[in-house]
Amino acid sequence: MVSTTEFKGEYSLPSKNSPLNQFEGVKTHLYRLGAEHENGTLKSFAYADQGSPSLLDTIILSQWEDFAWKGHLGYDVTACNLKVIEGGWSFVVQLNNKWNSCVLKDYDKFLGPVGCLKPNCMNSYDELLLCIAQGDKDIPEVVPSTKPPKDGLLLIANACPVEYGHILLVPSVTNQLSFFWDKRMFSLVARIASEVNSAAFRVFFDNCTSTMPHRTFFQACYFANPLPVESASTVAIYDGKATSGVCLYEIVDYPMKSLAFTGNDVNTLANFVGEVSLTLHDNNTAYSLLVSNNGTKVKNLATGSCLSAWECCGYFVYRAKYDFDRASEIEISNRIASVTLQDSAFENLKSLCCAIADDLVM
Amino acid sequence: MEEETAASDEESRRRVASSLTSRYSDWVVESLDELQGSFLLTDPSIPGHPIVYASRGLAALTGYPPAEVLGRNARLFQGAGTDRAAVAGVRDAVRCQRPHQTPILNYRRDGAAHWVLLHLAPVFHAADGAVLHFLAVQVPIPPPPPPARCRVARPTVVVFAPCREEARVEEELSCPCASHAGEVFVDVDKRGLDAEEPRVASEHEKEKALSTANSIFSALNRYSKLTGLVVCGKRCDSVGIPALSSSLNLSLGRIKQSFVLTDPHLPDMPIIYASDAFLSLTGYSREEILGCNCKFLNGPGTSAEVLEEINQHICSEQACTVHLLNYRKDRSSFRDLLHISPIRNASGKVAFHVWVHLDEGAKHDFNGLTPEVWQLGAVGAVRVAVRSLSASGSLLRPSQ
């Protein structure tokens, strides 16, 4: 149905103004992921026992907490009241009078139209917590205070977080052609989620064509509790465990029509979701993604407009106490339902996803 | 009638004899015999609340051989001059099952009066919070040096009145003359004729009493391994130290750094969680420190200024990183890189303080981060765990 081969390699197209030199003087810690193994499983180091926080998790939390402690945050998000709305969906709402959803504009310096970090002011960018890139060694390694490589993802603290540990994951160099989506970026994000290995760590992606038309970036946050959409029931609509390696589910009892994808391994899933996302982007379809369960689960939240990904997932921030106190399940579910796809469009999405999964078999 | 009494006497004797050995092990008595200090254990579950163990040091101090005190109530040490308010304070502590320290005028076997610092501590079953025994340590208080006596209107009675919180303020106890609590409790007629100036225990005696008590707890726990019993000086159930919800316990248990959580809403900010790494860093067992204030780590050379700095940050709900000299259980010291931060729960309120300890002398791999930043990783992980919204909206287990 959709061919994506034409995009292959485009990400690494050398541009005339090679942005490499734009990192002059910029130093950050670099976390190099371990090399992939043939079967797609990742060798993770970190701590000896698997239950403990991974090294990457600890570094992200350390850097974020350090950033917070130095007073760079707009507010202490952990001082904001959270509550669960009574009812079947258990929506979570936060009272935060300092929250400003337009705050991402502050990150123009990272996400500006040129898409590159500005070398002049970079030295004072405390927001830059870490760079993560693919490594070629067997196990991951940490390179302290180094120049970010051009194929990495920059982890940038969001000074106006929706919850603890809110970061932006921004490709360190974005192709200057209007190339939008790169499957390898998604693969990198999925591997980061897998390497962080924390149930609380969730990655979001908003393909919201109106706000950030030129930028690809992800966001991630630590939510101690599952988001409401994660607790919703699912019905299997495609089982490719033995063939394509991915399974598709429809989320049935949730106000937003959504699909859930699981994969036999992180790479297969990342590859599949990359294809789906690229296709949707080409069709100018707005959608959001939630990557959870250490990168093994992805939810596609098909939305006609720009609710943020966490809002699609059932997590809302209220600025006024009045609204916070009166937040009800009916009001929230109506907000979500108002932006969901029409039945016919959702059916199309389902068949599109199944077709892409089928394509993977070949 | 006679027979019945004899039978119940026999029963009591048997229970006194087996009070310790049935709960710990046969060797616990030998182990206690080896400990320095004058102390006894009583069993509140036996009628009359009798003494079930008396140390050799107690025999030396009081003149009573153990055989003469076993099975009797500990009031046998009191006499005509013993202050009734002090006795009432002890009774109150026993009734409320809480630790208590008071100077008290006791009498030796030969009838001579002597001042001791009585340190009373309930011995709790760690698992269910039941009181198994009471531990009473007696530390003799020497007479004060002759000069520098304050002249105040008689009677200058210093009374430790645990039922009156205002009388327990430390400053007031440092000088007998400063106490106004005595006025409330003075009972001139009933006070003993030979009651000399009441004595005040110095820090030295208080510490000695506490360290004796701690060594007894250690001995009890050492000899209860076989029976699976764990005892502690603080009640670990919902009445005293709240138990964390099991899901929070689980999340915290995964964090590998050395840290404790304290509860700022309880008196004296007790420790309510300690990580395994903290236990191996300091050598204490979890039972020994849960419910305690973090100051047990301090010792000679611990900077008072830094402790004050910590206090100020805690009061203003701010985080701080300090360098501090702290002590392990074996009294070896270590340079402690200590980060303290308030931790907020899902409602945004400060629920705990996290204290992350890092032994600066030990070799660590901080993966390119500074030690100061590295230890913040534990803070972040604790924050995420504590932000969790449990179904009940509470982090604490509902009280039984």
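The values are calculated or read from the model by the stated rules, or taken from the named source; none is laboratory data. Since we're looking at a predicted model, the values are computed, not measured. Neighbour counts run over all protein chains shown; Cβ positions are idealised from the backbone, glycine included. Please note that ligands, DNA and RNA were not included when accessible areas were found on the heavy atoms of the full protein model with its side chains. Shrake-Rupley method; radii C 1.70, N 1.55, O 1.52, S 1.80 Å.
Quick rundown of the values:
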read-out: Residues (over 20 Å from residue A:279 (Cβ atoms), outside any helix (DSSP H, G or I) and open to solvent by 30 Å² or more (accessible area, probe 1.4 Å)) located in the stretch A:325-362; value: A:328, A:338
read-out: Conditions (1) charged (D, E, K, R); (2) assigned to a loop (DSSP other than H, G, I, E, B); (3) surrounded by 16 or more Cβ atoms within 10 Å (Cβ to Cβ): number failed by residue B:363; value: (3)
read-out: Selection within the stretch A:308-324 - open to solvent by 10 Å² or more (accessible area, probe 1.4 Å) and among the hydroxyl-bearing types (Ser, Thr, Tyr); value: A:308, A:318, A:322
read-out: Residue ranges of helices (runs of 4 or more DSSP H) in the stretch B:11-102 with at least 2 members polar (S, T, N, Q), within 16 Å of residue B:118 (Cα to Cα) and at pLDDT 85 or above; value: none
read-out: Unmet criterion (only one of (1) surrounded by fewer than 23 Cβ atoms within 10 Å (Cβ to Cβ); (2) more than 20 Å from residue A:351 (Cα to Cα)) for residue A:250; value: (2)
read-out: Residues satisfying the stated conditions in the stretch B:287-331, i.e. open to solvent by less than 40 Å² (accessible area, probe 1.4 Å), away from chain A (no Cβ under 14 Å) and part of a loop (DSSP other than H, G, I, E, B); value: B:290, B:291, B:292, B:293, B:298, B:299, B:302, B:303
read-out: Any hit, the stretch B:259-268, residues being within 30 Å of residue A:225 (Cβ to Cβ) and either at pLDDT below 80 or small (Gly, Ala, Ser) (or both); value: no
read-out: Condition broken by residue B:240, with the remaining ones in (1) modelled with pLDDT under 95; (2) more than 30 Å from residue B:42 (Cβ to Cβ) satisfied; value: (2)
read-out: Near pairs, Cβ below 6 angstrom, 6+ apart or cross-chain, from the stretch A:66-80 (closer than 11 Å to residue A:157 by Cβ and within 10 Å of chain B (Cβ to nearest Cβ)) to any residue that is open to solvent by less than 50 Å² (accessible area, probe 1.4 Å) and hydrophobic (A, V, I, L, M, F, W, C); value: A:66/B:373; A:66/B:376; A:67/A:157
read-out: Subset of the stretch B:254-286 (residues that are within 14 Å of chain A (Cβ to nearest Cβ), open to solvent by less than 50 Å² (accessible area, probe 1.4 Å) and in a helix (DSSP H, G or I)); value: B:277
read-out: Residue among A:105, A:147, A:83 that alone is within 9 Å of another protein chain (Cβ to nearest Cβ) and either at pLDDT 85 or above or open to solvent by 30 Å² or more (accessible area, probe 1.4 Å) (or both); value: A:83
read-out: Residue ID - nearest to the other protein chains (Cβ to nearest Cβ), chosen from residues in the stretch B:366-391 that are assigned to a loop (DSSP other than H, G, I, E, B) and touching a residue at least 60 places away in the same chain (Cβ under 8 Å); value: B:388
read-out: Whichever residue in the stretch B:332-360 is hydroxyl-bearing (Ser, Thr, Tyr) and more than 10 Å from chain A (Cβ to nearest Cβ) and, among such residues, is least open to solvent (accessible area, probe 1.4 Å); value: B:332
read-out: Count - residues of the stretch B:274-312 that are free of Cβ contacts under 8 Å to residues at least 40 places away in the same chain and among the aromatic types (Phe, Trp, Tyr); value: 1
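A quick yes/no check of all residues on (1) closer than 21 Å to residue B:138 by Cβ; (2) assigned by TED's automatic domain parsing to the domain that holds residue B:213; (3) touching a residue at least 40 places away in the same chain (Cβ under 8 Å):
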{"site": "B:14", "(1), (2), (3)": "no, yes, no"}
{"site": "B:26", "(1), (2), (3)": "no, yes, no"}
{"site": "B:44", "(1), (2), (3)": "yes, yes, yes"}
{"site": "B:57", "(1), (2), (3)": "yes, yes, no"}
{"site": "B:62", "(1), (2), (3)": "yes, yes, yes"}
{"site": "B:67", "(1), (2), (3)": "yes, yes, no"}
{"site": "B:72", "(1), (2), (3)": "yes, yes, no"}
{"site": "B:83", "(1), (2), (3)": "yes, yes, yes"}
{"site": "B:87", "(1), (2), (3)": "yes, yes, no"}
